[in-house]
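Here's the structure we're looking at; comments come further down.
The values are calculated or read from the model by the stated rules, or taken from the named source; none is laboratory data. Predicted model, so just to flag it, every value in this text is computed and none were measured. Virtual Cβ from ideal backbone geometry, glycine too; neighbours counted across all protein chains shown.
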Amino acid sequence: MKKNNSSKNPIGVFDSGIGGLTVAKSLFEILPNENIIYLGDTARLPYGTKSKATVTGYSVEITKFLLNKNVKMIVVACNTASSVALPSLRRISPVPVIGVIKPGAKAAVSITNNFKIGVIGTLGTIQSSAYKTQIHKIERNIEVFSNACSLFVQLAEDGWTENKIAEMVTKEYLTGFKDHKIDTLILGCTHYPILKNTISKVIGKKIRLIDSGEETAKEVKRILEQEHLLNTQKKKGKHKFYVTDFQKKFKEISERFLGQPLHDVKKVKLS
Ligand code: DGL
């Protein structure tokens with residue numbers, strides 16, 4: 001733990017792109033007085049198809065960038081980066097580093113009644129088995145079924161979330177889960193909460209959906225309280241956004257993910 005870490009310092013949040021704004025949105029709601037710095041690595045998106053070494057290398061660079069901004073905590077909003085890079089990030093960070101896997105896994109374990117949990121995410125997240133490992137650390141007897149749903153990222157970015165194509169793709173990816181009779185499904189990717197309605201329609205309204213980002217925001221609050229790092233200022237926190245590239249549909253996509261326009265966005269070069 002960093003000495004003189006101040007509650008006034010911002011929280012650093014990063015993702016492979018702007019999908020992590022779904023996590024930032026939950027943080028803004030749960031911690032309205034916190035100053036938050038968000039970095040989206042839009043130049044190198046996607047992380048979900050890249051190797052562990054590459055994703056870890058990118059994540060280390062971003063962590064150094066955020067530490068230079070004097071953050072009091074780092075939230076890894078990206079599920080893929082959370083799955084593979086946390087140990088490396090914790091080695092170089094004097095402030096707490098929180099990923100989205102553990103909070104999502106914890107919430108799913110506490111909710112399942114029949115001990116059958118489904119996990120969906122990018123190829124990188126699913127191949128790492130990070131959710132399965134975390135679930136089994138808490139409860140060995142839970143059966144975990146998983147599937148990589150790569151096309152969901154593009155569907156969410158294009159806003160194809162509730163049309164026929166979205167429904168067809170979702171059916172294709174989720175049919176297996178119905179056979180396994182899961183009662184809980186973890187949305188293990190920043191983009192998937194955008195498809196929540198279609199996922200719920202296809203898998204059935206009785207299946208509980210876990211939004212890892214939302215669970216992470218609650219966990220961040222708990223840790224800040226525990227470490228006496230909660231910002232007690234009365235005014236609303238400041239939000240700053242950095243990207244490594246301006247994508248063509250940046251404004252449209254970011255508004256869809258955050259639910260409001262983005263102000264104060266700067267482009268940065270990392271290395
Ligand atoms: N942010 C990534 C994740 O949550 C999805 C997009 C990507 O593949 O980079 O895993």
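General remarks:
- Of the residues making up the stretch 89-119, just one is surrounded by fewer than 19 Cβ atoms within 10 Å (Cβ to Cβ) and among the small types (Gly, Ala, Ser), namely Ser110.
- Scope the stretch 135-154; condition more than 12 Å from the ligand (Cβ to nearest atom) and either buried (at least 21 other Cβ atoms within 10 Å of the Cβ) or under 16 Å from Ile199 (Cβ atoms) (or both); matching residues: Ile135, Val144, Phe145, Ser146, Asn147
- Meets criteria (in contact with a strand residue (DSSP E or B) (Cβ under 8 Å, 6 or more places away or on another chain) and either in contact (Cβ under 8 Å) with a residue 24 or more places away in the chain or closer than 23 Å to Asn33 by Cα (or both)) for Lys240: yes
- Subset of the stretch 6-41 [more than 17 Å from Val100 (Cβ to Cβ) and either in contact with a Pro (Cβ under 8 Å, 6 or more places away or on another chain) or crowded, with 21+ Cβ neighbours inside 10 Å (or both)]: Pro10, Glu34, Asn35, Ile37
- Selection status of Thr80, more than 14 Å from the ligand (Cβ to nearest atom), of a type in the set (Ser, Thr, Tyr), touching a Gly at 6+ places or on another chain (Cβ under 9 Å) and at pLDDT 95 or above: no
- Residue within the stretch 58-73 that is of a type in the set (Val, Ile, Thr), at pLDDT 95 or above, more than 10 Å from the ligand (Cβ to nearest atom) and under 23 Å from Leu151 (Cα atoms) present: no
- Taking helices (runs of 4 or more DSSP H) as the structural unit, those lying wholly within the stretch 152-271 and holding at least 3 residues that are charged (D, E, K, R) correspond to 164-180, 212-226, 250-258.
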